[in-house]
1. Report every pair of residues separated by at least 6 positions or lying on different chains whose Cβ atoms are under 6 Å apart, first residue within the range 11-22 and under 19 Å from Arg34 (Cβ atoms), second surrounded by 10 or more Cβ atoms within 10 Å (Cβ to Cβ).
2. Scan (1) within 17 Å of the chain's Cα centre (by Cα); (2) modelled with pLDDT under 95 for the single condition Asn93 breaks and write down its number.
3. Of the conditions (1) of a type in the set (A, V, I, L, M); (2) closer than 20 Å to Gln74 by Cα; (3) outside any helix (DSSP H, G or I), Leu26 satisfies every one except a single condition; which number is it?
4. Taking the condition at pLDDT 90 or above and either on the phi > 0 side of the Ramachandran plot or in a loop (DSSP other than H, G, I, E, B) (or both), does Glu118 pass?
5. Go through (1) free of Cβ contacts under 8 Å to residues at least 60 places away in the same chain; (2) surrounded by 12 or more Cβ atoms within 10 Å (Cβ to Cβ); (3) closer than 30 Å to Glu126 by Cα for Asp57 and report which single condition fails.
6. When Ala35 is evaluated against the numbered criteria (1) under 21 Å from Ile115 (Cβ atoms); (2) in a helix (DSSP H, G or I), which criterion, by number, is the only one it fails?
7. Could you check the range 17-55 and list, in sequence order, the residues that are modelled with pLDDT of 95 or more and either in contact with a strand residue (DSSP E or B) (Cβ under 9 Å, 6 or more places away or on another chain) or among the charged types (D, E, K, R) (or both)?
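The values are calculated or read from the model by the stated rules, or taken from the named source; none is laboratory data. This one's a predicted model, so the numbers in the text were calculated from it and none came from an experiment. Neighbour counts are summed over all protein chains in view; Cβ atoms, including those assigned to glycine, are modelled from backbone coordinates with ideal geometry.
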Amino acid sequence: MMAEQREPDAQGAPVRRFRDPGYRPLAANLAGVRAGIDRIDDQIVRLLAERAMLVKDAARFKRDAFQVSAPARQAQVFEHVRELARRHAPDFNGGFDGLPGVVEAAYRALVAGYIGCEQSYFGHTEEINPASKEDSQ
């Protein structure tokens, strides 16, 4: 007979433990874990919105669609965030090549979305007349 499938009890005690004796729990129950994740998600989304405004501003400096996609810059960003992940959590151990792999995968999706936005922003720009200094704003 198969055990009943259901969501875990958010208020319940842990039902598993890590074998690593150095592991230190971050919350007393799953509800605490979820509250921490929700708090971090709020910060992440605020920062993603701030990043989106910088992406919009970047469209002013691009001449064409190739410059909007900027493949060399994308490669720099992916390597940079992998290095940040290695620095911030050197002992994170999980699938997808640990934290650097998770972060790179997330950034690949983010950058693809931001490029789509920037292409749209780019479509709402026009070339600046070099004779007019006030056009650069």
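1. Gln11/Asn29; Gln11/Ala31
2. (1)
3. Going through the list (1) of a type in the set (A, V, I, L, M); (2) closer than 20 Å to Gln74 by Cα; (3) outside any helix (DSSP H, G or I), Leu26 breaks only (2).
4. Working: at pLDDT 90 or above: yes; either on the phi > 0 side of the Ramachandran plot or in a loop (DSSP other than H, G, I, E, B) (or both): no.
It is false that Glu118 is at pLDDT 90 or above and either on the phi > 0 side of the Ramachandran plot or in a loop (DSSP other than H, G, I, E, B) (or both).
5. Every condition holds for Asp57 apart from (2).
6. In the conditions (1) under 21 Å from Ile115 (Cβ atoms); (2) in a helix (DSSP H, G or I), Ala35 misses (1) alone.
7. Selection gives Arg34, Asp38, Arg39, Asp41, Asp42, Arg46, Glu50, Arg51.
Residues checked against (1) farther than 30 Å from Ala27 by Cβ; (2) in contact with an Asp or Glu (Cβ under 8 Å, 6 or more places away or on another chain):
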{"residue": "Val45", "(1), (2)": "no, no"}
{"residue": "Glu50", "(1), (2)": "no, no"}
{"residue": "Lys56", "(1), (2)": "yes, yes"}
{"residue": "Ala65", "(1), (2)": "yes, no"}
{"residue": "Val68", "(1), (2)": "yes, yes"}
{"residue": "Ala72", "(1), (2)": "yes, no"}
{"residue": "Phe78", "(1), (2)": "yes, yes"}
